[in-house]
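Participant: What follows is a single structure, and I will ask about it in a moment.
The values are calculated or read from the model by the stated rules, or taken from the named source; none is laboratory data. A quick note: this is a predicted structure, and the numbers were derived from the prediction, not measured. Cβ coordinates were reconstructed from backbone atoms using ideal geometry, including for glycine residues, and neighbour counts include every protein chain displayed. SASA here: full protein model, heavy atoms, side chains in, ligands and nucleic acids out. Shrake-Rupley method; radii C 1.70, N 1.55, O 1.52, S 1.80 Å.
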Amino acid sequence: MTSTNSYDTIVVGAGLSGLTAADDLRRTGADVCVVEARDRIGGRILTRRSRSGAPVEMGAAFVGPRQYEIQVLARRHGLALKPTWDDGVHLGQFGGAVRTWRGGLPFIGPLNSASALAGIALMNRLSRQVTPERPWSSKRAGSLDALSVEEWLAGLPLPHESRALLTTSLRSIFAADLAEISLLHALTCIRSADGFRNYMRASGKQQLRFADGASSLCDALAEPLRSSIRLSEPVRAITSGSSVTVWTDRGEIVAPRVIVAIPPRHVGQIDYTPVLSDTRQRVLHDFTDGQVLKYHLLYREPFWRTRNLSGKSMSHDGLVTMTFDHSTEDEGTLVAFVVGAHARRLLHLPQQERVSAVTHALVDRFGDEVRSPVESLVHEWNEDPWSSGCFAGFLPPGSWTSHPTEPAAPHGRIHFAGTETATRYFGAMEGAVTAGQRAAREVLAAQRMGAGA
C-alpha cells in the first residue's frame with residue numbers, strides 16, 4: 001500500500017544536522033516532514049545508559065569552546081554542558097616507554113616537542129591557503145591534493161618521536177590511517193576550525209560534554225516535530241520538477257523543497273531525477289567514512305585517579321590510540337578509541353574477544369585493574385548500515401581536484417546538509433548544526449524569492 005503526503009519541506013535524515021534544519025524551518029511556521037532510515041533519531045549521535053543509568057556516548061560527544069552555535073542551541077533548550085575530566089597526569093607511548101605529561105600535546109622532550117610544534121605551525125600556515133568552500137581552487141591545491149597526509153609527514157625533517165606524535169594526533173582526529181587521507185582535505189578541515197588545536201576534539205577541560213548525553217539535544221529538537229518524523233523509512237529516490245517527490249518504501253512524499261542531511265556515501269546511493277552531475281557523483285563515491293571503535297569500560301570507581309592519573313592517554317603503536325576519563329558520580333569510565341587499521345583488525349575477532357584485546361592493550365598504562373570492567377559498551381559504527389563509519393567522511397588524495405564540486409551546493413530544489421557539507425568545524429557536531437542552519441536559510445530564501453528549480 002502506498003500513500004502520498006504533502007509538506008512545505010522534507011528533510012531526509014534525523015541526525016543533528018537534519019533536525020537542526022527542520023527545527024529552524026518549523027519555527028518559521030513551515031510544515032516539515034523528517035524521513036529517517038534508522039529506527040531512531042540522532043544519526044551519528046547515540047547516547048546509551050549504563051547499568052547505573054549514567055549517559056554513555058557511543059557516538060559524537062565533545063563540544064569545543066569556539067563551537068558557538070551548538071552551545072546556543074544547548075542554552076535554548078536548557079541543556080547543561082560539563083567539562084571533560086582533566087585533573088592529574090596524562091600518559092603517552094611514543095616509541096617505547098610510557099611517559100607522563102600535563103596540558104595539551106604530550107611532552108616528548110625539548111627537541112622532539114619543539115619539532116612537533118613546528119610541524120603543527122606548518123600545517124596551520126598551509127591551511128590558511130585553503131578555501132573551505134572550494135578547496136580545489138586554493139593556492140597549490142593540485143600539489144596538496146596529490147599527497148596523502150602520511151606522505152607529507154614522511155617528507156618533513158622530523159625526529160621519529162615528533163612524527164609519531166603528529167601521526168597519532170591526526171589519526172585520532174580523522175579516525176583513519178593517514179595514507180588514506182588527502183593532505184588538501186586535512187588542511188581544509190583544519191582551516192574550518194581556524195587551526196590544528198581548535199580542530200582537536202578532546203583537549204582537556206575546555207572540551208565540554210552534554211551532562212545528560214548528546215542525544216538530549218536531538219531529543220529536544222525532535223520533540224515539537226514528533227508527529228512528522230517518519231522512522232525506519234529509507235529514501236530510495238528523489239524526483240525534482242515543479243516540486244520534489246521523495247520516494248520511500250512506504251510511498252511518496254511531496255514538497256516544494258527537500259534537504260538531504262545524511263553522510264556523503266549515502267547521499268550518493270539515492271536515485272535522483274534529474275541526475276546529479278558526474279563530478280558530484282564521483283566525489284560522493286570517493287568519500288570514505290572514518291573507522292573507529294569507541295569502547296566504554298566501566299568500573300566501580302575511577303581507580304586511576306588514586307594514582308593521580310587523568311585517564312587521558314595516547315599511543316602511537318598500541319591497539320588503543322587514545323583514552324579519556326568519562327566517569328560519573330556513580331562509576332569510573334574509561335573511553336578507549338581504536339582507529340584505522342587497528343579497528344579493522346579488531347572487527348575480525350569474535351565479539352567476546354574484542355573487549356579483552358582492548359583492556360589487555362591498556363595494562364601498560366593503567367595496570368591490571370583495567371582488565372576487569374564491570375560493564376563494557378560499544379557501538380561498532382563500521383557495521384552500521386546507515387553510517388558505515390565515524391567520526392566523519394574524508395576524501396583520498398586526488399579527489400578534490402579531480403572532481404571539483406561543492407558538497408553543499410543545491411541541486412535544483414534539493415539542498416544538502418550534514419557535517420561533511422560544513423565550512424565551519426567540518427566533521428564535528430558544530431559543523432552539523434551550522435550546515436543544518438545554512439540549508440534552512442537556503443530554503444527560506446528560495447521561498448521568499450519564489451524561485452523555481
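Participant: Students sometimes get this wrong: rank 89, 339 by accessible area, probe 1.4 Å, all chains present, largest first. Walk me through the intermediate numbers first.
Facilitator: Working: 89 25, 339 0 Å².
The residues order as 89, 339, largest area first.
Participant: List the residues whose amide H sits under 5 Å from the amide H of residue 50, counting only those 5 or more places along or on another chain, with H placed 1.01 Å from N in the peptide plane.
Facilitator: Result for residue 50 returns 56.
Participant: Subtracting the Cα-Cα distance from 0.36 nm times the residue separation, let me have the gained length for residue 249 to residue 68 in nm, one decimal.
Facilitator: 61.3 nm
Participant: Give me the accessible area of residue 139, 1.4 Å probe, in Å² rounded to the nearest 10.
Facilitator: Counting only protein heavy atoms, the figure is 140 Å².
Participant: Further question on the same structure: May I ask you to derive the relative contact order of the stretch 37-142, considering only C-alpha pairs under 8 Å and at least 6 residues apart, and to give it as an integer percent?
Facilitator: Values: 61 pairs, mean separation 9.7, N = 106.
Rounded, it is 9 percent for the stretch 37-142.
Participant: Protein chains only, probe 1.4 Å: how do 150, 180 rank by accessible area, largest first?
Facilitator: Highest to lowest solvent-accessible surface, that is 150, 180.
Participant: I would also like to ask the following. Could you state the angle between the C-alpha long axis of helix 160-174 and the longest principal axis of the C-alpha atoms of the chain, as a value from 0 to 90 degrees rounded to the nearest 10?
Facilitator: It is inclined by approximately 30 degrees.
Participant: Hey, another quick one. Expressed as a rounded percentage, what relative contact order does the stretch 207-321 have, with Cα pairs under 8 Å and six or more residues apart?
Facilitator: Relative contact order of the stretch 207-321: 15 percent.
Participant: Enter the accessible area per residue of the chain (Å², integer; probe 1.4 Å; all protein chains in place).
Facilitator: 39 Å²
Participant: Follow-up question, since we're still on this one. Could you tell me whether the stretch 34-138 comes out rounded, prolate or oblate from its Cα gyration tensor? Rule is a ≥ b ≥ c as square roots of the eigenvalues, rounded for a/c under 1.5, then prolate if a/b exceeds b/c, otherwise oblate.
Facilitator: Judged from the Cα gyration tensor, the stretch 34-138 comes out oblate (a/c at least 1.5, b/c at or above a/b).
Participant: Here is a follow-up. Counting only helical runs of four or more DSSP H residues, what would the 222 nm mean residue ellipticity of the chain come to if each run contributes -39,500 (n - 2.57) and the total is spread over all its residues?
Facilitator: -9500 deg cm²/dmol
Participant: Let me understand the chain better: what is its radius of gyration from the alpha carbons, and its Dmax, in angstrom?
Facilitator: Reported Rg and Dmax, both Å: 21.9, 70.
Participant: Please list 3J(HN,Hα) in residue order for the stretch 113-128, calculated via the Karplus relation 6.51 cos²θ - 1.76 cosθ + 1.60 where θ = phi - 60°; whole Hz, with x for glycine and proline.
Facilitator: Each residue's phi maps through the Karplus curve to give 5, 5, 5, 5, 5, 5, x, 5, 4, 5, 4, 5, 5, 5, 5, 5 Hz.
Participant: Continuing with this model, one more query. Full extension from residue 52 to residue 100: what is 0.36 nm times the residue separation minus their Cα-Cα distance, to one decimal in nm?
Facilitator: Additional length available on full extension: 14.1 nm.
Participant: Between 0 and 90 degrees, rounded to the nearest ten: what's the tilt of helix 351-361 against the longest Cα principal axis of the chain?
Facilitator: Approximately 40 degrees, to the nearest 10.
Participant: Continuing with the same structure: Restricting the calculation to Cα positions, tell me the Rg (one decimal) and the Dmax (whole number) of the stretch 27-93 in Å.
Facilitator: Looking at the stretch 27-93, its Cα Rg and Dmax stand at 16.5, 55 Å.
Participant: Please determine, in degrees from 0 to 90 and to the nearest 10, the orientation of helix 16-26 with respect to the longest principal axis defined by the Cα atoms of the chain, where the helix direction is its Cα long axis.
Facilitator: 40 degrees
Participant: Okay, moving on. Could you give the length gained by full extension between residue 374 and residue 357, i.e. 0.36 nm per residue of separation minus their alpha carbon distance, to one decimal place?
Facilitator: Going from the current span to full extension adds 4.5 nm.
Participant: Would you mind classifying the stretch 377-430 by shape? Square roots of the alpha carbon gyration tensor eigenvalues, ordered a ≥ b ≥ c; an a/c under 1.5 is rounded, otherwise it is prolate if a/b is larger than b/c and oblate if not.
Facilitator: Note, shape of the stretch 377-430 comes out prolate.
Participant: Counting DSSP beta bridges in the chain, what percent are antiparallel, to the nearest 5?
Facilitator: Approximately 65 percent, going by the DSSP bridge assignments.
Participant: Which residues' amide hydrogens lie under 5 Å from the amide hydrogen of residue 230, considering only partners 5 or more residues apart or on another chain, with H built in the peptide plane?
Facilitator: 34, 35, 36
Participant: If we count every other residue with Cβ under 12 angstrom of residue 150's Cβ, Lys/Arg +1 and Asp/Glu -1, where does the sum land?
Facilitator: Overall, the nearby charge balance is -1.
Participant: Another question, then. Obtain the nm distance between the two label points defined at residue 77 and residue 273 by a simple spin-label model: each point lies 7 Å from its Cα along the Cα-to-C-beta direction.
Facilitator: For the pair residue 77/residue 273, the computed spacing is 3.7 nm.
Participant: For the stretch 396-406, take each phi angle, set θ = phi - 60°, evaluate the Karplus expression 6.51 cos²θ - 1.76 cosθ + 1.60, and give the result in whole Hz per residue in order, putting x for glycine and proline.
Facilitator: Calculated HN-Hα couplings, in order: x, x, x, 6, 4, 7, 7, 10, x, 7, 9 Hz.
Participant: Okay, next question. How large is the accessible surface of residue 105 in square angstrom, using a 1.4 angstrom probe and rounding to the nearest 10?
Facilitator: 40 Å²
Participant: Can you pull the one-decimal nm distance between simple spin-label points at residue 328 and residue 444, each 7 Å off the Cα toward Cβ?
Facilitator: 3.6 nm
Participant: Considering amide H positions built from the backbone, and no H for Pro or chain starts, which residues 5 or more places from residue 214, or on another chain, come under 5 Å of its amide H?
Facilitator: none
Participant: Given the alpha-carbon gyration tensor of the stretch 326-439, what are the semi-axes of its equivalent ellipsoid in whole angstrom, ordered largest first, with each equal to the square root of 5 times an eigenvalue?
Facilitator: Calculated on Cα positions only, the semi-axes equal 37, 18, 13 Å.
Participant: Once neighbouring chains are kept in place and the probe is 1.4 Å, which whole percent of the accessible area of the chain is contributed by carbon and sulfur?
Facilitator: 51 percent
Participant: Could you calculate the FRET efficiency of residue 117 with residue 140 from 1/(1 + (r/R0)^6), where r is the beta carbon distance between them and R0 is 22 Å, rounded to 0.05?
Facilitator: 0.45
Participant: So what is the relative contact order for the chain, in percent, with contacts set as C-alpha pairs under 8 Å and at least six apart?
Facilitator: Value for the chain: 25 percent.
Participant: Okay, next question. Which shape class, rounded, prolate or oblate, goes with the stretch 299-341 when its Cα gyration tensor gives a ≥ b ≥ c as root eigenvalues, a/c under 1.5 marks rounded, and past that a/b bigger than b/c marks prolate?
Facilitator: prolate
Participant: Here is a further query. In whole Hz, what ³J(HN,Hα) sequence does the stretch 259-268 give by Karplus (6.51, -1.76, 1.60; θ = phi - 60°), x for Gly and Pro?
Facilitator: Listing the rounded values in order: 10, 9, 10, 9, x, x, 4, 6, 4, x Hz.
Participant: Using only Cα atoms, figure out Rg for the stretch 111-224 and give it as a multiple of 2.2 N^0.38 Å.
Facilitator: Numbers: Rg = 16.5 Å, N = 114, 2.2 N^0.38 = 13.3 Å.
Scaled against compact globular proteins, the figure is 1.24.
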